[in-house]
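Data first, discussion second: the structure below is written as structure tokens.
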Amino acid sequence: MATAKKTETVEIKPIEIKQVTLRIEGDTPIIMHAWSEKAKKMMLDAQMGLAKGKKKEAKNPIDDFIQSMYWLTDKPKESTEEAFMQAIKDGARFGFPATSFKQAAISAAYRLGYVKDKMGLRGAFFINGDENGMVEIHSDVPIMREDIVKIGMGTADLRYRGEFRNWWAELHLTYNVNSGFSLENIINAINAGGYACGVGEWRVEKDGQFGAFHIAVD
């Protein structure tokens, strides 16, 4: 006698989007690492076979510093300390890629064993940036760092980048209530991302101690 097949009902809940704004505060400074237009052009020239025989340009520390940051307002027209300070006086604003904060949260949640895979959490929430995908960073006036970095084959180079101290930012979050992750879960993941991963150069995730942050609690 044939047995009747059992049917299984699967409930697919509708997507229900909510929004919340979270304030994060830096525990350690952020070191910026934006690609300059000059660096991107050099990469393109190399890929197109146009870079052979080119004389290497002299390093300009102030220009490297200015170009390392994500400007939300216009960059100074001149690569001088005076032009940079004038831009600060004129209300210069800076940002950082919104995706970096989400990636930190997802990476930390996976590394700490909160989730078995990254895919479910990726679709559970989004951190919204401006039209260029940036979150505004509020901080003290950026300072110029000088770091020695290894570039392979036993060689090293000096890098000049912006460092942001005493920083904070607002993360504008959208999340799906029916994703299987509560808002508390998501907040915990973002906090874990700030502690275990961080953002920017020499962040915690990359054997550094920079770019750490936490969610501020009223």
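Among the residues of region 101-116, is any surrounded by fewer than 12 Cβ atoms within 10 Å (Cβ to Cβ), at pLDDT below 95 and under 27 Å from residue 17 (Cα atoms)? Steps first, please.
Restricting attention to region 101-116, the residues satisfying the condition of being surrounded by fewer than 12 Cβ atoms within 10 Å (Cβ to Cβ) are 113, 116.
Then drop every residue that is not at pLDDT below 95, which leaves 113, 116.
Of the ones still in play, those that are also under 27 Å from residue 17 (Cα atoms) are 113, 116.
Scanning region 101-116, I find at least one residue that is surrounded by fewer than 12 Cβ atoms within 10 Å (Cβ to Cβ), at pLDDT below 95 and under 27 Å from residue 17 (Cα atoms), so the answer is yes.
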Practice item. Quick one: in region 190-218, of everything that is out of contact with any Phe, Trp or Tyr (no Cβ under 9 Å at 6 or more places or on another chain) and part of a loop (DSSP other than H, G, I, E, B), which residue is farthest from residue 175 (Cα to Cα)? Key: 207
Practice item. Considering only residues that are of a type in the set (S, T, N, Q) and over 20 Å from residue 97 (Cα atoms), look in region 164-200 and name the one that is least open to solvent (accessible area, probe 1.4 Å). Key: 176
Review point. Do you know which of the residues in region 58-91 that are assigned to a loop (DSSP other than H, G, I, E, B) and in contact (Cβ under 8 Å) with a residue 60 or more places away in the chain is farthest from residue 163 (Cα to Cα)?
Key: 59
Exercise for review: Quick one: in region 1-53, of everything that is open to solvent by 100 Å² or more (accessible area, probe 1.4 Å) and among the basic types (Lys, Arg), which residue is modelled with the highest pLDDT?
Suggested key: 13
Point to revise | In region 117-163, residue most open to solvent (accessible area, probe 1.4 Å) [restricted to those that are in contact with a Phe, Trp or Tyr (Cβ under 8 Å, 6 or more places away or on another chain), in a loop (DSSP other than H, G, I, E, B) and not acidic (Asp, Glu)] | key: 118
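The values are calculated or read from the model by the stated rules, or taken from the named source; none is laboratory data. Remember, it's a predicted structure, so these values are computed and weren't measured experimentally. Quick reminder, even Gly has a Cβ in these numbers, built from the backbone with ideal geometry, and neighbours come from all protein chains shown. The accessibility values were calculated without ligands, DNA or RNA, using every heavy atom of the protein model including side chains. Shrake-Rupley method; radii C 1.70, N 1.55, O 1.52, S 1.80 Å.
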